[in-house]
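Notes to accompany the following structure.
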Amino acid sequence: MKGFYSRKLHSLLGIIPLGLFILEHMLTNFSAVEGGSQGFKDSVAFLNSLPLLLVLEIVGIYLPLLYHGVYGMYIAFQAKPNNGSYATERNLRYLLQRITGVIVFVFVFWHVYETRIQLALGKVTHDEMGSVMHGILTQPIFFILYAIAVVSASFHFANGLWSFLVSWGITVGPRSQRVSSYVCMTLFVIVSVMFVWSLFTFRTEEFAGATALLQNIRMIG
Amino acid sequence: MAMAETKATGKKVKFIITRQDGPETKPYTEEFELDYRPGMNVISSLMEIQRNPVNTKGEHITPVCWESNCLEEVCGACSMVINGKPRQACAALIDNLEQPVRIEPMRTFPVVRDLVIDRSRMFNALKRVKAWIPIDGTYDLGPGPRMAEKKRQWAYELSKCMTCGVCLEACPNVNEKTDFIGPAPISQVRLFNAHPTGEMNAEERLEALMEDGGIEGCGNSQNCVRACPKGIPLTTSIAEMNKATTKHMFKRWLGM
Ligand code: HEM
Ligand code: SF4
Ligand code: FES
């Protein structure tokens with residue numbers, strides 16, 4: 001495929017479906033803040049009640065993520081950053097878009113292994129997901145790594161939305177690009193706060209499961 | 001320095017120049033110290049070094065090579081990296097520069113010798129996007145459509161580009177790992193597509209931008225618009241061409 005079309009597809013997939021997925025993920029996690037352990041269980045149960053779940057997962061998440069992620073890594077390592085000579089906010093965001101992309105790429109493998117793969121292997125059940133997260137996040141190092149990863153993902157999505165609007169010729173002039181910067185950076189703050197807040201909530205006693213399970217997860221982690 | 005201060009004005013200007021003897025040889029730096037003169041700029045300093053090619057160690061060396069023509073920031077030939085930023089040497093006043101003044105070639109382009117670079121890729125890119133208006137034919141085509149004065153004034157701003165290459169040097173996506181043509185030719189497509197006669201070949205130029213290494217190479221660092229000495233609204237041009245190529249893509253798919 002010619003560069004133009006493959007690059008356009010990369011850009012589109014960043015918003016549809018990946019951008020929508022990250023918002024959905026944020027809301028699911030946040031149900032732990034709003035509804036506690038039971039609220040989170042209900043949200044997970046709702047997602048699992050969706051028809052053709054595996055197909056949805058593959059078409060809506062895994063394949064787009066694989067394409068966007070692998071192509072994104074290629075784009076990221078083609079860059080030759082010059083933030084020393086051009087210390088502007090836009091150039092910084094250019095660099096951060098690439099760094100956060102690489103962080104998300106690494107994090108996604110780890111995170112999917114700890115959650116979705118453990119589920120698939122039958123090591124944990126859907127209802128135990130909250131206590132799995134509790135087991136991981138009560139360990140300070142993992143908590144910090146998760147916090148860095150969710151903030152990175154939020155930035156990558158929000159700043160990606162800004163550049164998507166430029167790449168498709170929706171925000172053209174400097175004024176519209178400035179306004180869109182404010183909107184997207186506000187979105188970054190909101191999404192980050194909601195993700196990190198859920199991380200804190202998973203640490204509370206309410207999410208602690210059976211000790212045996214906890215041990216199990218510690219071993220995996 | 002004590003010695004220097006006993007001389008006429010006393011003030012000295014120090015230069016650290018990155019040199020290179022040929023396209024394949026290793027770059028090295030050489031230092032020079034010149035007497036300060038009011039109003040001196042980087043080109044006049046290089047001329048001074050040419051007249052008296054002696055480095056700070058007192059060694060007689062081959063003079064530093066550079067290129068320049070207009071000496072008034074309209075030809076782009078003298079572009080080089082001065083104190084970390086690509087710009088025109090003829091417009092770089094020593095009074096406005098931090099010392100020592102560090103001068104390097106724009107390495108995004110092949111270095112021919114010292115500060116002389118080969119900007120062929122800029123001109124090849126203009127050929128690639130057909131940055132001209134084809135009016136040659138076997139018979140007189142008559143007068144073309146007129147351009148509104150307001151539009152002419154706006155287009156004039158875009159036409160100020162001197163293919164100096166500064167925007168390519170400033171772009172983190174133009175490097176040896178990519179084939180991105182860079183901001184300048186994209187803005188030229190906007191210029192020629194806006195012209196009432198040029199517009200007749202608009203799609204050819206858009207399709208050239210949709211080839212490999214075309215507009216897709218932009219990563220929105222927006223350094224180009226900050227670096228351009230002519231104040232060309234490069235990022236607006238790029239976004240405008242993003243819009244035009246996206247529209248063209250859908251039109252082609254829908255067979256319109
Ligand atoms: C899996 C690892 C990922 C990597 C390595 C990665 C890498 C990248 C890179 C390098 C860019 C910059 C492209 C450019 O500006 O030229 C980018 C853009 C983008 N990414 Fe990602 N990304 C990843 C995951 C994600 C995820 C999960 C989302 C969704 C939330 C996402 C959404 C976006 C968006 C919306 C853009 C902007 C597209 C555009 O500028 O047209 N990315 N990505
Ligand atoms: S757009 Fe500006 S920086 Fe780029 S080549 Fe033209 S004049 Fe130089
Ligand atoms: S000599 Fe022409 S721009 Fe400097």
Handout entry: Shielded residues, region A:152-192 - accessible-area loss of 30 Å² or more between chain alone and all protein chains, probe 1.4 Å
Key = A:Val166, A:Ser167, A:Trp168, A:Gly169, A:Val172, A:Gln177
Practice task
Per DSSP H run of at least 4 residues, take -39500 (n - 2.57); add these up for chain B, divide by its residues and hand me the 222 nm value, nearest 500 deg cm²/dmol.
Solution key: -9500 deg cm²/dmol
Exercise for the section: Straight distance only, please: which lysines reach the Cα of A:Lys41 with their own Cα at less than 30 Å, same-chain residues fewer than 8 apart left out? Expected result: A:Lys123
Practice task
Please report the base-10 log of the normalised intensity I(q)/I(0) for chain A, using a Debye sum with one equal scatterer per alpha carbon and no solvent, at each q in 0.10, 0.13 (1/Å).
Solution key: -0.49, -0.81
Exercise for the section: With no solvent and one equal point scatterer per Cα, compute the Debye intensity ratio I(q)/I(0) for region B:120-254 at 0.12, 0.14, 0.16, 0.17 Å⁻¹ and report its log10, rounded to two decimals. Expected result: -0.47, -0.63, -0.81, -0.91
Practice task
Bin all alpha-carbon pair distances of region B:3-117 at 5 Å intervals from 0 and give each bin's fraction as a whole percent.
Solution key: 2, 12, 23, 25, 21, 11, 4, 2, 0
Exercise for the section: Counting only C-alpha contacts under 8 Å and six or more residues apart, can you give the relative contact order of region B:1-146 as a whole percent? Expected result: 24
Problem - Contact order normalised by residue count of region B:120-254, Cα under 8 Å, 6+ apart, percent - result: 30
Exercise for the section: First compute the accessible area of chain B with a 1.4 Å probe, then give the percent of it belonging to carbon and sulfur atoms. Expected result: 52
Practice task
Just the Kirkwood number for the protein assembly as shown, please: inverse of mean 1/r across all distinct Cα pairs, in Å, one decimal.
Solution key: 26.1
Practice task
Measure out, as a whole number of angstrom, how far apart the alpha-carbon centroids of region B:100-119 and region B:192-229 sit.
Solution key: 26
Problem - Protein heavy-atom accessible area occluded, A/B pair - total, 1.4 Å probe, Å² - result: 2800
Practice task
Would you check the accessible area of B:Met162, probe 1.4 Å, heavy atoms only, in square angstrom rounded to 10?
Solution key: 10
Problem - Net length gained if the chain between B:Ile133 and B:Thr25 were fully extended (0.36 nm per residue, minus Cα distance) - result: 34.8 nm
Fill in the blank from the handout: Measuring from the longest principal axis of the C-alpha atoms of chain A, the long axis of helix A:3-15 (C-alpha) lies at a number of degrees, nearest 10, equal to 40
Exercise for the section: May I ask for the Rg/Rh ratio of region A:58-146, computed from Cα atoms with Rh as the Kirkwood radius, given to two decimals? Expected result: 1.10
Practice task
Treating the angle as unsigned and between 0 and 90°, give the value, to the nearest 10°, between the Cα long axis of helix B:149-159 and the longest Cα principal axis of chain B.
Solution key: 50
Problem - region B:97-183: chymotrypsin sites (Phe, Trp or Tyr not before Pro) falling in loop per DSSP and having at most 15 other Cβ within 10 Å - result: B:Trp132, B:Tyr139
Completion exercise
Among the Cα-Cα pairs of region B:77-176, the proportion with separation greater than 24 Å, in percent, is 44
Practice task
Holding the Cα-Cα limit at 21 Å, pick out from B:Lys12/B:Lys57; A:Lys80/B:Lys130; B:Lys177/B:Lys243 the pairs that are longer than that.
Solution key: A:Lys80/B:Lys130; B:Lys177/B:Lys243
Completion exercise
So, relative contact order of chain B in percent, Cα under 8 Å, 6 or more apart, is 16
Exercise for the section: Roll a 1.4 angstrom probe over the protein heavy atoms and tell me the percent of accessible area of region A:2-220 that is carbon or sulfur. Expected result: 74
Practice task
Starting from 0 in steps of 10 Å, tell me what percent of the Cα-Cα pairs of chain B lands in each bin.
Solution key: 7, 26, 28, 19, 12, 6, 2, 0
Handout entry: Acute angle (nearest 10 degrees) that the helix A:18-48 long axis makes with the longest principal axis of chain A, alpha-carbon atoms
Key = 20
Handout entry: Average accessible surface area per residue within the protein assembly as shown, 1.4 Å rolling probe, Å²
Key = 50
Completion exercise
Surrounding charge for A:Thr88, neighbours by C-beta under 14 angstrom, Lys/Arg +1, Asp/Glu -1, total +4
Problem - Threshold 10 Å², region A:1-47 residues less accessible with all protein chains present than alone (1.4 Å probe) - result: A:Lys2, A:Gly3, A:Phe4, A:Tyr5, A:Arg7, A:Lys8
Exercise for the section: For region A:163-204, count the residues as N, evaluate 2.2 N^0.38 Å, and divide the Cα radius of gyration by that value, please. Expected result: 1.64
Problem - Within region B:179-254: Cβ-based charge dipole about Cα centre, in debye rounded to nearest 20 (Lys, Arg +1; Asp, Glu -1) - result: 340
Exercise for the section: Only Lys, Arg, Asp and Glu count, each charged at its Cβ (+1, +1, -1, -1), so figure out the dipole size of the protein assembly as shown about its Cα centre, rounded to 20 debye. Expected result: 660
Practice task
Find the centroid of the Cα atoms in region A:148-198 and in region A:23-40, then give the distance between the two in whole Å.
Solution key: 22
Problem - Accessible surface of B:Thr108 - all protein chains present, 1.4 Å probe, nearest 10 Å² - result: 40
Exercise for the section: Sum up the charges of everything whose Cβ sits under 13 Å from the Cβ of B:Met122, counting Lys and Arg as +1 and Asp and Glu as -1, but leave B:Met122 out. Expected result: +2
Practice task
Please report how far the C-alpha centroid of region A:47-67 lies from that of region A:96-130, rounded to the nearest whole angstrom.
Solution key: 14
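The values are calculated or read from the model by the stated rules, or taken from the named source; none is laboratory data. This is a predicted model, so every value here is computed, not measured. In this analysis, Cβ positions are derived from the backbone assuming ideal geometry, glycine residues included, and neighbour counts consider all displayed protein chains. Please note that ligands, DNA and RNA were not included when accessible areas were found on the heavy atoms of the full protein model with its side chains. Shrake-Rupley method; radii C 1.70, N 1.55, O 1.52, S 1.80 Å.
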